[in-house]
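The values are calculated or read from the model by the stated rules, or taken from the named source; none is laboratory data. Predicted model, so just to flag it, every value in this text is computed and none were measured. Note that each Cβ is placed from the backbone with ideal geometry, even for glycine, and that neighbours are counted across all protein chains shown.
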Amino acid sequence: MTSKLEKIRNINIVNFCRENNIELNQDSKEYYRLTEHDSCVINDNKNVFIWNSKGKGGNIISFVQMYYNCDFKEAIKKLSDREYELFNNTQVVKQKDYCYDNSKERPVVEARSYLIEERSNNPNIVSYFIKKGLIRQDDKKNVLFVWKDSNDKIIGCSEQGTRTFYNQKKINIKYGKKYKTKEIMALTADYL
């Protein structure tokens, strides 16, 4: 049986705001901001808030104390005056498993050359990871760094471009005056 204080700590902050006519703007699926104090951000997935301009954050009790400028006892009284929806941490949606597409894989020739000659990696180490299937190459000659779990299942992949582009401001990674492509592909939350 949960205690009264534990039940109060689990009151859903977003629901509390709605029930008390505290206007919110939804920034994304899980983030809300107070309309009149836009530096106060609520994470609905974790049921916590951060009030950036004040450098404070926490649970529903801290939120009520900050918003109403009251002490702990007054916050508890305010939260006890009616029934509020409780935070349900099972609301978090499970991410789909990552699905690696090997249809665009090519023999690891340019990628191997790039890692050894341009990035000065030890050839024995590069060869070892290629044999283990952890370094691969796609049809665009990019290096693919494959992530596997303990059961040898592919759970994600990082892509490192091997071709040099000049004056391509869209590309994020810059090496001197040269730009290289880089992309991180999905990884399920279970492996983080």
Legend entry - Residue within the range 41-64 that is closer than 23 Å to Lys140 by Cα, of a type outside the set (Gly, Ala, Ser), in a strand (DSSP E or B) and out of contact with any Phe, Trp or Tyr (no Cβ under 6 Å at 6 or more places or on another chain) present: no
Inset, instruction - Give the residues of the range 167-192 that are in a strand (DSSP E or B) and either of a type in the set (D, E, K, R) or modelled with pLDDT of 55 or more (or both), sorted by residue number. - result: Lys174, Lys178, Lys180, Lys182, Glu183
Legend entry - Failed criterion for Cys40 (all others in (1) surrounded by 13 or more Cβ atoms within 10 Å (Cβ to Cβ); (2) within 23 Å of Lys4 (Cβ to Cβ) hold): (2)
Inset, instruction - Determine whether Ser80 is surrounded by 12 or more Cβ atoms within 10 Å (Cβ to Cβ), among the small types (Gly, Ala, Ser) and touching a residue at least 12 places away in the same chain (Cβ under 8 Å). - result: yes
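State whether one or more residues within the range 30-38 are at pLDDT below 90, closer than 30 Å to Lys153 by Cβ and of a type in the set (D, E, K, R).
yes
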Inset, instruction - Give the range 114-162 a look and list any residue that's in a loop (DSSP other than H, G, I, E, B) and of a type outside the set (S, T, N, Q), or say none. - result: Arg119, Lys132, Gly133, Leu134, Asp139, Lys140, Lys141, Asp149, Asp152, Lys153, Gly161
Legend entry - Of all residues making up the range 43-61, the number that are farther than 15 Å from Asn88 by Cα, in contact with a helix residue (DSSP H, G or I) (Cβ under 8 Å, 6 or more places away or on another chain) and surrounded by fewer than 17 Cβ atoms within 10 Å (Cβ to Cβ): 2
Legend entry - Scan of the range 14-37 for residues that are free of Cβ contacts under 8 Å to residues at least 60 places away in the same chain, closer than 15 Å to Asn88 by Cβ and buried (at least 18 other Cβ atoms within 10 Å of the Cβ), ordered by number: Val14
